[in-house]
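Each remark here refers to the structure printed beneath this line.
The values are calculated or read from the model by the stated rules, or taken from the named source; none is laboratory data. Please read these numbers as outputs of a predicted model, since none were measured by experiment. Cβ placement follows ideal geometry from the backbone for every residue including glycine, while neighbour counts extend to all protein chains displayed. In case anyone asks, the SASA skips ligands and DNA or RNA and just uses the protein heavy atoms, side chains included. Shrake-Rupley method; radii C 1.70, N 1.55, O 1.52, S 1.80 Å.
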Amino acid sequence: MQSTIVAVAGHRIWDSRGRPTVEVEVTLADGTRGRGMAPAGASRGAHEAVDLRDGGMRHGGFDVMHAVRNVNDIVAPHLLGLDALDQHGVDQVLVAVDGTPNKSRLGGNATIATSMAVMHAAAAASGLPLWKYLAEDTQCSLPMPEVQIFGGGAHAGQRVDIQDFLVMPAGSGSFDEALAICAEIYRAAGELMAQRKSRCGVADEGGWWPDFASNEEALSVLTDAIERAGCGGGKALISLDIAASEFYRDGLYRLGLEGKTFETGAWLAELYRWIERYPIISVEDPVAEDDVAGMRAFTAAVGSRVQVVGDDFLVTDAARVAHAAAAGCCNAVLIKPNQAGTVSETRAALLAGHKAAWGTIVSARSGETEDVCITHMAVGWNAGQLKVGSFARSERMAKWNEGLRIERSGAALSGFAGMTGVPVSARGNGDTEASAGR
Ligand code: PGA
Ligand code: ZN
């Protein structure tokens, strides 16, 4: 068979932070090749697939030679002779060979790079663009982008506590227009930072460095940037990734920048105040990854008007998504392939989100590569939303630009998802205390 896997080769390459990561090349019987590259998180969920690192002194302990050897010595012999078109079958073999609940034997970085290489090879062998191969004849639309304007948290040396200050161009009618709006807001934010003499370069995902006196000041400047770009009145809304596990210790939420600590109830009250005051449409990981009661309370209080996203809380795990939906936690799931460790498990988590009538957001990691497959996943799996960091640095821009090319290729697509994938009644009027006071 032409799509039979005849070679699997693992190598070490380098990610967007200049750290080692795993690349896998798969060759099929007809000579077709596919290449997968593992991304890497900095603020990782405790329950996600293990990112296997060598430890020790070399490359700060981040080297991946062990994971690369796992691909070549353990994985490769099991995959030879399998059909690359049977992604599920290949991924089941990876799961079985690993044999642990969290890919700790082979490393989630080894398994996701292998699984993605098989996916790329299969699409190429089919003669289809990746998104179309993944779509399996279902209708797809271009996703609503979420673009980071200020970085923070673990991506900016904890300069501010909140990790991502993003915008969602709610009023856009196409992917192309959506990116153009985000570009104007990114530029306006840069101008505001320059005026404040606070423009100090960018954080890990390309967002402006968060040189602010308080977390809330970042929200205020972002709201100003949206208006300066002519996108007030609901044309663009704010999305926050709180990544709260990063500043939760001993039962308390601790904002290092402001020297304040909060019990869960007081922390949620602070978030509700921000939601009233600024045009916030989406909040990710508002509470720590195991704070189920906090997540349920937050979802009950604001889930009808704000998208409540689980990232570290759900770790791209179908069972966790189903469980959270039953427990009244979250109304959207972040989908990161390397949290799951294989393409099939990633898709299962997304389908669990669709089953719960949730929003689904395909997402990059803070450590990325030049691979653009997550854009294709967002389109082919009809995720509705895509989050790949800011509007700078080519490991990010490559993914946004790929969406433009897919949109231009047109024919089989049912247009742009807009806000239809966001599971809340849109705050279209942008009516908040901040805008009312202007
Ligand atoms: P990470 O951050 O890739 O560093 O985990 C991204 C996110 O939290 O969404
Ligand atoms: Zn997150």
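Considering only segment 286-294, I want to know if a residue exists there that is within 16 Å of ligand 1 (Cβ to nearest atom), closer than 21 Å to Glu217 by Cβ and in a strand (DSSP E or B).
no
Among the residues of segment 264-282, is any within 16 Å of ligand 1 (Cβ to nearest atom) and either more than 18 Å from the chain's Cα centre (by Cα) or open to solvent by 10 Å² or more (accessible area, probe 1.4 Å) (or both)?
So far as segment 264-282 goes, no, none of its residues is within 16 Å of ligand 1 (Cβ to nearest atom) and either more than 18 Å from the chain's Cα centre (by Cα) or open to solvent by 10 Å² or more (accessible area, probe 1.4 Å) (or both).
Restricting the search to segment 392-407, which residues are in contact (Cβ under 8 Å) with a residue 60 or more places away in the chain and more than 19 Å from the chain's Cα centre (by Cα)?
If the condition is that a residue be in contact (Cβ under 8 Å) with a residue 60 or more places away in the chain and more than 19 Å from the chain's Cα centre (by Cα), then Ile406, Glu407 are the ones that fit.
Give the residues of segment 300-321 that are open to solvent by 20 Å² or more (accessible area, probe 1.4 Å) and either over 20 Å from the mean Cα position of the chain (by Cα) or of a type in the set (Phe, Trp, Tyr) (or both), sorted by residue number.
If the condition is that a residue be open to solvent by 20 Å² or more (accessible area, probe 1.4 Å) and either over 20 Å from the mean Cα position of the chain (by Cα) or of a type in the set (Phe, Trp, Tyr) (or both), then Ala300, Ala301, Ser304, Arg305 are the ones that fit.
Every residue, every condition in (1) out of contact with any strand residue (DSSP E or B) (no Cβ under 7 Å at 6 or more places or on another chain); (2) more than 20 Å from Asp91 (Cα to Cα), yes or no:
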{"site": "Asp311", "(1), (2)": "no, yes"}
{"site": "Gly328", "(1), (2)": "yes, yes"}
{"site": "Val343", "(1), (2)": "yes, no"}
{"site": "His354", "(1), (2)": "no, yes"}
{"site": "Trp358", "(1), (2)": "no, yes"}
{"site": "Val362", "(1), (2)": "no, no"}
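Scan segment 298-306 and give yes if some residue there is away from ligand 1 (no atom under 16 Å from the Cβ), polar (S, T, N, Q) and touching a strand residue (DSSP E or B) at 6+ places or on another chain (Cβ under 8 Å), otherwise no.
Within segment 298-306, one or more residues are away from ligand 1 (no atom under 16 Å from the Cβ), polar (S, T, N, Q) and touching a strand residue (DSSP E or B) at 6+ places or on another chain (Cβ under 8 Å).
Have a look at Ala244, Ala324, Ala288 and point out the one that is modelled with pLDDT of 95 or more, open to solvent by less than 10 Å² (accessible area, probe 1.4 Å), over 30 Å from Glu177 (Cα atoms) and touching a Cys at 6+ places or on another chain (Cβ under 7 Å).
Answer to the check: Ala324.
Identify the single condition in (1) over 29 Å from Leu351 (Cα atoms); (2) more than 16 Å from ligand 1 (Cβ to nearest atom); (3) without any contact (Cβ under 8 Å) to a residue 60 or more places away in the chain; (4) hydroxyl-bearing (Ser, Thr, Tyr) that Tyr248 does not satisfy, given that it satisfies every other one.
The failed condition is (2).
Under 6 Å by Cβ, and 6 or more places apart or on different chains, what pairs join a residue from segment 12-32 that is within 29 Å of Glu205 (Cα to Cα) with one that is assigned to a loop (DSSP other than H, G, I, E, B) and open to solvent by 50 Å² or more (accessible area, probe 1.4 Å)?
Arg19/Phe62; Pro20/Phe62
Within segment 9-61, can you find the residues that are part of a strand (DSSP E or B), open to solvent by less than 40 Å² (accessible area, probe 1.4 Å), away from ligand 2 (no atom under 16 Å from the Cβ) and out of contact with any His (no Cβ under 9 Å at 6 or more places or on another chain)?
Hits for segment 9-61 are Ala9, Gly10, Ile13, Thr21, Thr27, Leu28, Met37.
Residues are listed down the side, and each one gets a yes or a no for (1) assigned to a loop (DSSP other than H, G, I, E, B); (2) among the polar types (S, T, N, Q); (3) within 16 Å of ligand 1 (Cβ to nearest atom); (4) modelled with pLDDT of 95 or more:
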| position | (1), (2), (3), (4) |
| --- | --- |
| Asp204 | yes, no, yes, yes |
| Pro210 | yes, no, yes, yes |
| Ala213 | yes, no, no, yes |
| Glu217 | no, no, no, yes |
| Leu222 | no, no, no, yes |
| Glu227 | no, no, no, yes |
| Gly230 | yes, no, no, yes |
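Looking at Ala183, Ala236, Ala244, can you tell me which residue is of a type in the set (Gly, Ala, Ser), closer than 23 Å to Val422 by Cα, within 16 Å of ligand 2 (Cβ to nearest atom) and out of contact with any Lys or Arg (no Cβ under 9 Å at 6 or more places or on another chain)?
Ala244
Identify all residues within segment 300-324 that are closer than 22 Å to Asn102 by Cα and part of a helix (DSSP H, G or I); write none if there are none.
Residues satisfying the conditions are Ala318, Ala319, Arg320, Val321, Ala322, His323, Ala324.
Quick one: would you say Gly99 is open to solvent by 40 Å² or more (accessible area, probe 1.4 Å) and either over 21 Å from the mean Cα position of the chain (by Cα) or modelled with pLDDT of 95 or more (or both)?
Spelling it out, Gly99 is indeed open to solvent by 40 Å² or more (accessible area, probe 1.4 Å) and either over 21 Å from the mean Cα position of the chain (by Cα) or modelled with pLDDT of 95 or more (or both).
Residue-by-condition table, conditions (1) of a type in the set (Phe, Trp, Tyr); (2) surrounded by 22 or more Cβ atoms within 10 Å (Cβ to Cβ); (3) within 19 Å of Pro169 (Cα to Cα); (4) free of Cβ contacts under 8 Å to residues at least 24 places away in the same chain:
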| residue | (1), (2), (3), (4) |
| --- | --- |
| Ala189 | no, yes, yes, no |
| Ala194 | no, no, no, yes |
| Val202 | no, no, no, no |
| Ala225 | no, yes, yes, no |
| Gly233 | no, no, yes, no |
| Leu237 | no, yes, yes, no |
